[in-house]
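See structure below.
The values are calculated or read from the model by the stated rules, or taken from the named source; none is laboratory data. Quick caveat, the model's predicted, so the values are computed rather than measured. Quick reminder, even Gly has a Cβ in these numbers, built from the backbone with ideal geometry, and neighbours come from all protein chains shown.
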Amino acid sequence: MIYSGKALSVEVLRSGAANLIFDLEGSSVNKFNQETLRELQEAVAALKSIEVAGVIFSSAKPAFIVGADIAEFTAMFSDSEETILEWLREGNKIFNDIEDLPVPTVSAINGFALGGGFELAVATDYRIGTAKAVVGFPEVKLGILPGFGGTVRTPRLIGADNANQWISSGSHIKADQALSEGALDAIVEDENLIAACEDLIEQCNAGKLDFKNIRAVKNSPLTLTPIELNVAFETAKAMIKSQAGKNYPAPVAIVEVMHDAATADRTEALEIEHKAFVKLAKTEVAANLIQMFLNDQFLSGLAKKQIANAQQVNFAGVLGAGIMGGGIAYQSALKGTPIIMKDIAQEGVDLGMGEARKLLEKRMARGRLNALKMVSVLSDITPTLNYEGFEKADIIVEAIVENTGIKQSVLRELESLVGENTIIASNTSTISIDELATVLKRPENFCGMHFFNPVPVMPLVEVIKGEKSSEATVATTVAYAKKMGKTPIVVNNCPGFLVNRILFPYFGAFSRLIHDGADFRQIDKVMERFGWPMGPAYLLDVIGVDTAVHCQDVMASGFTRMNLDFISAIDKLYQQKDLGQKTSKGFYLYEADKRGKPKKLPNPEIDALVESVQTSPRKFTDGEIVERMMVAMCIETARCVEDNIVGTAIEADMGLILGLGFPAFRGGALRYVDSLGVSKFCEIAEKYSDMGELYTPTKKMIEKGAAGDTYYG
């Protein structure tokens, strides 16, 4: 044994090659934390002092190296720019030493090699993977760029065009693509991986392969003419800028860095990368995206604890077909849980099965499944017009019309037909779970399971815990949501639960702005520039004006502060039965484009309707619009945490991001409050407090601001 530590060890194989094996103690994956980097530095120094035929970098775990330790990154980014720069230079010296070893080097990639893990791999001369190998640079999703030479070595290895796409998108690249584009040199069976690396080293030492030439290419400027360089990078920059938008600086910065470094040698190119890394690391966008990554880990850890008492779900049911029921059935069957789907009419069953088939056909068209898998998934959805077979279900999702009386009638009937341990979950968006449970004999087996539309696209599922819902019921529902590939957040019962409770003060602020004279088109544009995927008027048209009016009534009956004391533009549209996309007319007009999707167009009749609910038109600044919209939303988010609807600011913010499309680069409503400063936010809100409780910070918010506290600590 040449070296042995807590993160890696080095042994000499019979072939004379050294095998440096990553196996981080106490972790299910290998990652670059400070300890691993220190041991790698020591191990490479030891390798430089002895004679070996070559060096293999491998993993004793199911994956190679998944990247850097993000928690350590977060702490480091608060340091000075010079401190971060020095850390990057020290880290890169290790990778340079690997690249400069006097013997051939090869990475044995047996699974994920991401971020710093793949940067290590591109620092070696060769890379051999198994069929399960997945490589890539996900740093852009954290608002940063690779910091250990990824932007320097990759374009010289796989070409500028491929490098632009790989690094700026943060995509996970599977083995076949990596091989065809030059990032892998071979794909072998798992059991042959180390032997194949030994054979490659032997070929290098026999003069059959020139590993020194490979290094020369990686250490030199790109071999492109000035015109070719300009075409490769400027074209990519324009395309990526249009895709990423102005709120995400990292994708464009990545292309610019590779362009600037294209004519430099390794030393100069790495320095360009380092400085760009530091600049991005210090942005609020990076801080928020990194916090989102940590939030996601927090939710995963929370779900693991919550499913401790979960029952096994081998077979599921859904009541109510159509688009929603079909989406739930599709998602369940796709992820391996067969499901029975009932409706009261054949038309509904046909619509549900048609929705599932359409979704599967889309996956086939994208190459994400084959015909055999499509048939298998469809066969796991059993359509029916009666309850036969529901007695076998472990969990049943009720997804019928949003009407308390009808839901209670159906739930009472369903409970009488299923086993004593069957869990029933209502896919309601606003109706009280406790109210629905009053008609049940076993309310402990009942909870809410609120899916967001469209089911296959929206990652969030709210699991609503009623007053009498048992821990086992909640645990099993959370486990089923996880199995479906969703992110569950457990919320306590209240009108609107979490997401809709927060959404309707936002819509209320929108209605009041129009009432006070604002142009809804300006509001949409301003909020889209703020980062929302669509403005509130457009969002209302997509949700459905009738749905919004129903939800508004429920919310107003539960919270007097949400009751509007005027007739709104939404009310007027509802009275005219202009319900948005479902009737092709709302705030905007809609007509089908070539792909059959609704295309937004101006509505020539809307101005007269708006004028009828306005005191008088007036100009608002963009800043006023943002303040009035976001103050109402952020205060309600704070109330949800204070009222224990969710346990943490993380759950509240992630609910908005995953369920509403809150701008991810802003980190969520409470993270946004933190960015302004809680005290400053309260000052902004105070300007509008005369408009009612929706705009009045809570006592706890004011206290938090006065104490200099934040929601994220």
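Scanning segment 405-414 for residues that are crowded, with 18+ Cβ neighbours inside 10 Å and of a type in the set (D, E, K, R) yields a count of 1. Considering LEU660, LEU670, LEU676, the condition of being over 22 Å from GLY485 (Cβ atoms) and within 19 Å of the chain's Cα centre (by Cα) is satisfied by LEU670 alone.
Say whether the condition of being in contact (Cβ under 8 Å) with a residue 60 or more places away in the chain, over 30 Å from GLY596 (Cβ atoms) and not small (Gly, Ala, Ser) is met by at least one residue in segment 401-420. For segment 401-420, residues in contact (Cβ under 8 Å) with a residue 60 or more places away in the chain, over 30 Å from GLY596 (Cβ atoms) and not small (Gly, Ala, Ser): present. Only a single criterion out of (1) in contact with a Lys or Arg (Cβ under 8 Å, 6 or more places away or on another chain); (2) in a helix (DSSP H, G or I) is not satisfied by TYR590, namely (2). Scanning segment 320-329 for residues that are farther than 18 Å from TYR387 by Cβ and either buried (at least 23 other Cβ atoms within 10 Å of the Cβ) or of a type in the set (S, T, N, Q) (or both) gives GLY326, GLY327.
Residue-level check: of (1) more than 23 Å from TYR672 (Cα to Cα); (2) not hydrophobic (A, V, I, L, M, F, W, C); (3) not in a helix (DSSP H, G or I), PRO533 misses just (1).
Being within 32 Å of the chain's Cα centre (by Cα), buried (at least 18 other Cβ atoms within 10 Å of the Cβ), modelled with pLDDT of 95 or more and more than 26 Å from PHE620 (Cβ to Cβ) is a description that does not apply to LEU589.
Counting only residues that are β-branched (Val, Ile, Thr) and surrounded by fewer than 22 Cβ atoms within 10 Å (Cβ to Cβ), which one in segment 415-427 is nearest to VAL463 (Cα to Cα)?
Residues of segment 415-427 that are β-branched (Val, Ile, Thr), as a first pass: 418, 422-424.
Then drop every residue that is not surrounded by fewer than 22 Cβ atoms within 10 Å (Cβ to Cβ), which leaves 418, 422.
Values: VAL418: 21, THR422: 16 Å.
Once the filter is applied, the top-ranked residue is THR422.
Starting from residues that are surrounded by fewer than 17 Cβ atoms within 10 Å (Cβ to Cβ) and either outside the structural domain of VAL106 (by TED's automatic domain parsing) or of a type in the set (Val, Ile, Thr) (or both), keep the ones in segment 212-237 and report whichever is modelled with the highest pLDDT. Here the answer is VAL217.
For segment 103-128, the set of residues classified as touching a Lys or Arg at 6+ places or on another chain (Cβ under 8 Å) and surrounded by fewer than 24 Cβ atoms within 10 Å (Cβ to Cβ) consists of ASN110, GLY111, listed by residue number. Yes or no: ILE240 buried (at least 17 other Cβ atoms within 10 Å of the Cβ) and within 21 Å of PHE118 (Cα to Cα)? In short, no.
With the structure loaded, tell me whether VAL646 is at pLDDT 95 or above and touching a Cys at 6+ places or on another chain (Cβ under 8 Å) or whether it fails that test. Yes.
Apart from one condition, THR124 fits all of (1) at pLDDT 95 or above; (2) out of contact with any helix residue (DSSP H, G or I) (no Cβ under 8 Å at 6 or more places or on another chain); (3) among the polar types (S, T, N, Q); the exception is (2).
Being in the same structural domain as ARG156 (by TED's automatic domain parsing) and assigned to a helix (DSSP H, G or I) narrows it down to one of PHE277, PHE293, so name that one.
PHE277
If only residues of segment 253-267 that are free of Cβ contacts under 8 Å to residues at least 60 places away in the same chain and in a helix (DSSP H, G or I) are counted, the one that is surrounded by the fewest Cβ atoms within 10 Å (Cβ to Cβ) is THR267.
Which ones in segment 295-319 are surrounded by fewer than 22 Cβ atoms within 10 Å (Cβ to Cβ) and of a type in the set (Gly, Ala, Ser)? The answer is SER300, GLY301, ALA303, ALA308, ALA310. Taking segment 299-396 and the helices (runs of 4 or more DSSP H) fully enclosed by it, the elements with 1 or more residues that are in contact (Cβ under 8 Å) with a residue 60 or more places away in the chain are at 322-334, 346-365.
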